[in-house]
Amino acid sequence: MGRRLFVALGISGLVLGAGVAPARPALGTGASLTAVAAAAWQTDASVLGLAIAKGKVYVGGRFLKVRPPGAAAGTHLTSRTYLAAFSQSTGALDAGMNHVLNGIVWAVVASADGSRVYVGGDFTRVDGQVRNRIAAFDTATGALVATIAPRVSYRVKALAIGGTSLYFGGSFGLVNGMTRNRAAAISTVTGALLPWNPNTDNDVYAIDAADDNSKVYLGGTFAKVGGTSRWAVASVNNSTGAPLPFAAASAVPLPSSGCTSRVKDIETSGNRVYFANAGDGWGCFDGTWTADVATGNLVWKNTCLGATEAVAMVNGWLFKGSHAHSCPGAFPDGSGNHFLLLQNPANGSLGPWFPNTDAGPPTSVGPLVAVSGGSDLWVGGDFTRVNGAGQQGLTRFTNLGLGAAPLGPASPTLSSPAVGQVKATVQASLDNDDVRLTYRLLRGTTNTVVATTTVSSAFWSRPTVTLTDTTAPSRTTQTYRIEVSDGRHAVRGGYSTVTVR
């Protein structure tokens, strides 16, 4: 799915200064997504799989009930056993997609034309019909597709479409009675098992095909693919599953006594493929990295700590779902965990978009999966709050509306360093979808603008803003306050008083 790439604000040395912002939509936010979450239904347990097709968002996971936005846990519940669908435009529950599965859904993927949605997981029955860990649904009717019914011996954790192949990975060893160790493929036309057989020696967590289906990428905890050493990540042939050269795999460190880093998600987009890693052990690689599809060479590697569980391309940005707590060149330890971030796909630097979630049971990780329909972003996981408000399991962000407003500034600290001058200082404000904000010094009850400046800030760096009134009436007492604006919202702080020299 090749999409237009924007150039992000450079984050090193504080993002925040002389970088070039991406082209802005009507909303005007630098990240082309508002940080204000749009209304969406909720789930009563983790969301693990997401796909968008024909104006609907298909959601799979551990949940058994869903409820409207704003409803408290345990109230206004509607049954949906491990699978549900919602309107992409409104977030409302789709009443027509209501199937009973007897086990968790771990993965959801849509066909390129949106006519089908495939799900994988632990289930063995759908509406009482045998479906051993993989099933497909017609998006027009919601009906089960009869021809898609492979017999998979154990959990399916990941799904991907490439051409007329459905690639899947997980923890299984047999498909239709044939040996397929943790990765296999079936025809989306006939449902027949295909010869594709990477034969990994441990679990596959993530799988994706290049946009042109020239190769397939695997991620997980394996150490060998087809008998060849490939730690946690591999590029393989799209018809045989044989491992291909992939120099960028060196981005993932080999396991040691203090560090085991695993690939948790993969997203291909045009000539790039993006990876999410999660590590066990302090300082173990938890970040994101990208490779060139044609050459297999590493393009960049971002070493933020805090396990990355999900990546997705959205409107020219790379979304990262993690519990990041230390990012070199950006925010250090001590600034808290941040679960929702955007990265510049050209170099991995962080973009100007800072909404947040919490993390809930059972994994206490937060976001676990994400998908974009082009101008929106849906995020699923085990969170229970989004931007401080109750919202369990599922949330969405769009490029509609006015976006987040800046935090109101404090009353300024004032001094009169020279005759007819007043200097005002205040800590920089914050805005969850803009980093460059305009500050105005307002004098008196008429709020006369006497000074203006533009300053960049982010949640980990709030510099002091200084504005000077050079036209203050000498030997008078004056009041001042600060106004901060992101171009759509203007917020004013309280007054302070000073005697002018």
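The values are calculated or read from the model by the stated rules, or taken from the named source; none is laboratory data. This one's a predicted model, so the numbers in the text were calculated from it and none came from an experiment. When we count neighbours, we look across all protein chains shown, and the Cβ atoms used for this are built from the backbone with ideal geometry, even at glycine. In case anyone asks, the SASA skips ligands and DNA or RNA and just uses the protein heavy atoms, side chains included. Shrake-Rupley method; radii C 1.70, N 1.55, O 1.52, S 1.80 Å.
Which of the residues belonging to the range 478-496 are out of contact with any Leu (no Cβ under 8 Å at 6 or more places or on another chain) and under 10 Å from residue 444 (Cα atoms)?
478, 479, 495
Which one of 379, 365 is open to solvent by 10 Å² or more (accessible area, probe 1.4 Å), touching a residue at least 24 places away in the same chain (Cβ under 8 Å), of a type outside the set (Ser, Thr, Tyr) and within 23 Å of residue 82 (Cβ to Cβ)? Write out each step before concluding.
Working: 379 fails: open to solvent by 10 Å² or more (accessible area, probe 1.4 Å).
Sole residue among the options that is open to solvent by 10 Å² or more (accessible area, probe 1.4 Å), touching a residue at least 24 places away in the same chain (Cβ under 8 Å), of a type outside the set (Ser, Thr, Tyr) and within 23 Å of residue 82 (Cβ to Cβ): 365.
Can you spot a residue in the range 393-416 that is without any contact (Cβ under 8 Å) to a residue 40 or more places away in the chain and more than 11 Å from the chain's Cα centre (by Cα)?
No, that holds for no residue.
Just checking, which of 299, 293, 365 is under 15 Å from the mean Cα position of the chain (by Cα) and among the β-branched types (Val, Ile, Thr)?
So the residue among 299, 293, 365 that is under 15 Å from the mean Cα position of the chain (by Cα) and among the β-branched types (Val, Ile, Thr) is 365.
Considering each of 453, 445, 425 in turn, give the residue that is touching a strand residue (DSSP E or B) at 6+ places or on another chain (Cβ under 8 Å) and either modelled with pLDDT under 95 or open to solvent by 50 Å² or more (accessible area, probe 1.4 Å) (or both).
Result of the check over 453, 445, 425: 445.
Given the structure, is residue 72 in contact with a strand residue (DSSP E or B) (Cβ under 9 Å, 6 or more places away or on another chain), surrounded by 24 or more Cβ atoms within 10 Å (Cβ to Cβ) and either in contact (Cβ under 8 Å) with a residue 60 or more places away in the chain or not in a loop (DSSP other than H, G, I, E, B) (or both)? Quick ask: steps written out before the conclusion?
Values: in contact with a strand residue (DSSP E or B) (Cβ under 9 Å, 6 or more places away or on another chain): yes; surrounded by 24 or more Cβ atoms within 10 Å (Cβ to Cβ): no; either in contact (Cβ under 8 Å) with a residue 60 or more places away in the chain or not in a loop (DSSP other than H, G, I, E, B) (or both): yes.
Considered against the rule, which asks whether it is in contact with a strand residue (DSSP E or B) (Cβ under 9 Å, 6 or more places away or on another chain), surrounded by 24 or more Cβ atoms within 10 Å (Cβ to Cβ) and either in contact (Cβ under 8 Å) with a residue 60 or more places away in the chain or not in a loop (DSSP other than H, G, I, E, B) (or both), residue 72 comes out as no.
Please give the number of the condition residue 237 fails out of (1) buried (at least 17 other Cβ atoms within 10 Å of the Cβ); (2) over 25 Å from the mean Cα position of the chain (by Cα).
That leaves (1) as the condition not met.
Failed condition for residue 296, given (1) surrounded by 24 or more Cβ atoms within 10 Å (Cβ to Cβ); (2) touching a residue at least 60 places away in the same chain (Cβ under 8 Å), with all others met?
(1)
Working carefully through the options 274, 217, find the one that is closer than 30 Å to residue 458 by Cα and among the aromatic types (Phe, Trp, Tyr). Before the answer, list the steps.
Numbers: 217 fails: closer than 30 Å to residue 458 by Cα.
Just one listed residue meets the conditions, 274.
Tell me which residues, restricted to the range 75-111, are over 30 Å from residue 401 (Cα atoms) and open to solvent by 30 Å² or more (accessible area, probe 1.4 Å).
79, 81, 82, 98, 100, 102, 104, 106
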